[in-house]
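A short worksheet on the structure shown next.
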Amino acid sequence: MEYRPLGRSGLSVSLICLGTMTWGQQNTEAEAHAQMDYALDHGVNFFDTAELYPVPPTPETQGRTEDSIGSWFAARGTRDKVILASKVVGPTAQPQFRGGAARLDRANIRQAVERSLRRLRTDWIDVYYVHWPERATNFFGRLGYTHDTERDAQAVSIAETLEALDEQVRAGTIRHIGLSNESAWGLMHYLRLAEERGWPRPACIQNPYSLLNRSFEAGLAEAAIREAVPLCAYSPLAMGTLSGKYLHGGKPEGARLTVYEGTYMRYLTAQGVAATEEYVALARDHGLDPAQMALAYVNSRPFLASTIIGATTVDQLAANIASADLTLPDTVLEGIEAIHARFTYPCP
């Protein structure tokens, strides 16, 4: 397993990060434990979770993912072997988060941290992300930016959010901060405030990145490299679509887009399906597993620290982790760029 620096945090994280958002809904606690056992045994030292998980979020299941990690720590005594990341939700009216009034202010962040620590059965979280911004901006499938003056006027400021995170860092409950679903402007604003006021500097940024969504490259890639705030890429298989398993009407039993049919359509647009068909064909023409090719491409990016993979079976997990050992030949990289030129941002 390759390990890369997580920005300027001093942490070295595995190229593959274990994603957890199915645990407690599609996966049982025992299955979650089996995945963590396998990942740790194969060099994965970076686990990613969130107070939101499992997904899709419901009041009945919220927090079960962190509970599964906590029970594994307690059973295995492995807390000091894992770099653990979790997240605080952005503004939401979902009732399970602070009575439907969750914001990114001091009180909400403090309560979120306390509850996550209790579920995780730990005294600290290594990397704590802001899951999505307070202000209105382009994330969760929105490529273009539309300014919303009214939303801005009501939003908790980044300064207030960062100051609240600083309090948690000084208290020792979190060690480093991260940003998720953030824009280039947002990242640079956090960095400026951190430098001016001595508050914690973002160690990394967790945004979607895959063959179907390379929008990170447009502005954030340069900032990630120049400012040493690398990407931890989520949805690198575009919810599994880049494996090819959903092509031609495929509905594999137990698969996310089968179980939640009609809910997650972001990667099943006409352009997304057409692009996926070409990427899958390219992989097969070169004797490659399509999912491993898609992951290996993400792994190879110079602005990336870690690729967050999720699986519902240990077999899937093993194949995903093995992508860390795959180097794509130039002919495959050239083929990927040719497809990308025709389908540039099919699924932002």
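Gyration tensor analysis over the Cα atoms of region 161-273 returns equivalent ellipsoid semi-axes of 35, 16, 10 Å (largest first, whole Å). Mind checking which of Val127, Val156, Val298 has the largest fluctuation in a GNM of the chain, springs on alpha carbons under 10 Å? Fluctuation is largest for Val156. The tail of the calculated P(r) for region 1-100, taken as Cα-Cα distances beyond 16 Å, holds 57 percent of the pairs.
Charged side chains reduced to their Cβ positions (Lys and Arg at +1, Asp and Glu at -1) give region 155-200 a dipole of some 120 debye around its Cα centre.
Computed log10 I(q)/I(0) for region 229-304 at 0.19 Å⁻¹: -0.83, from the Debye equation with unit scatterers placed on every C-alpha and solvent omitted. Where does the charge balance sit around Val89 when Lys and Arg score +1, Asp and Glu -1, over other residues with C-beta under 12 Å from its C-beta? Surrounding charge for Val89 is +2.
Under the definition of Cα pairs under 8 Å and six or more residues apart, what whole-number percent is the relative contact order of the chain?
Relative CO of the chain lands at 18 percent.
Radius of gyration over Kirkwood radius for region 72-150, both on Cα atoms: the Rg/Rh ratio is 1.07.
Of all beta bridges that DSSP places with both ends in region 1-155, some 30 percent have antiparallel geometry. The charge dipole of region 213-348, taken about its Cα centre with unit charges on the Cβ atoms of Lys, Arg (+1), Asp and Glu (-1) only, comes to about 340 debye. Entry note, region 21-160: relative contact order of 21 percent, from Cα contacts under 8 Å with a spacing of 6+ residues.
Across the options Leu268, Leu212, Phe140, the greatest Cα extent toward the positive end of the charge dipole of the chain (unit charges at beta carbon of Lys, Arg, Asp, Glu) belongs to Phe140.
Using a cutoff of 8 angstrom between alpha carbon atoms and counting only pairs six or more residues apart, the relative contact order for region 158-200 works out to 56 percent. In units of the rule-of-thumb radius 2.2 N^0.38 Å, the chain shows an alpha carbon radius of gyration of 0.94.
For region 125-259, the dipole from Cβ point charges (+1 on Lys and Arg, -1 on Asp and Glu) about the Cα centre works out to 560 debye, to the nearest 20.
Angle of helix 158-171 to the longest C-alpha principal axis of the chain, folded into 0 to 90 degrees and rounded to 10: 80°.
Under conditions of 20 °C and 1.002 mPa s, region 97-204 yields 147 µm² s⁻¹ as its translational diffusion coefficient, taking Rh as the Kirkwood radius over Cα pairs in the Stokes-Einstein equation. Rounded to the nearest whole angstrom, the semi-axes of the ellipsoid equivalent to region 201-348, taken from the Cα gyration tensor as √(5λ), stand at 23, 17, 16, largest first.
Among Pro57, Pro200, Pro252, the residue with the largest mean-square fluctuation in a Gaussian network model of the chain, with springs joining Cα atoms closer than 10 Å, is Pro252.
Secondary structure note: in region 88-208, about 10% of the DSSP beta bridges are antiparallel.
Region 301-326 to region 224-259: how many Å between their Cα centroids? Between the Cα centre of region 301-326 and that of region 224-259, the gap is 11 Å. Taking the chain as a Gaussian network of alpha-carbon nodes connected by springs under 10 Å, the highest mean-square fluctuation of the residues Ala281, Ala164, Ala39 belongs to Ala281. Taking the average, over residues, of other Cβ atoms within 10 Å as the packing measure, peptides 96-109, 12-25 rank 12-25, 96-109 from highest down. Among the GluC sites (Glu not before Pro) found in region 1-63, those both in a DSSP coil and sparsely packed, with 11 or fewer other Cβ atoms within 10 Å of their Cβ, are Glu60.
Bear in mind that the values in this text are calculations on the coordinates, not laboratory data. Here the structure is a predicted model, which means the values were calculated and not measured. Note: ideal-geometry Cβ built from the backbone for every residue, glycine included; neighbour counts use all protein chains shown.
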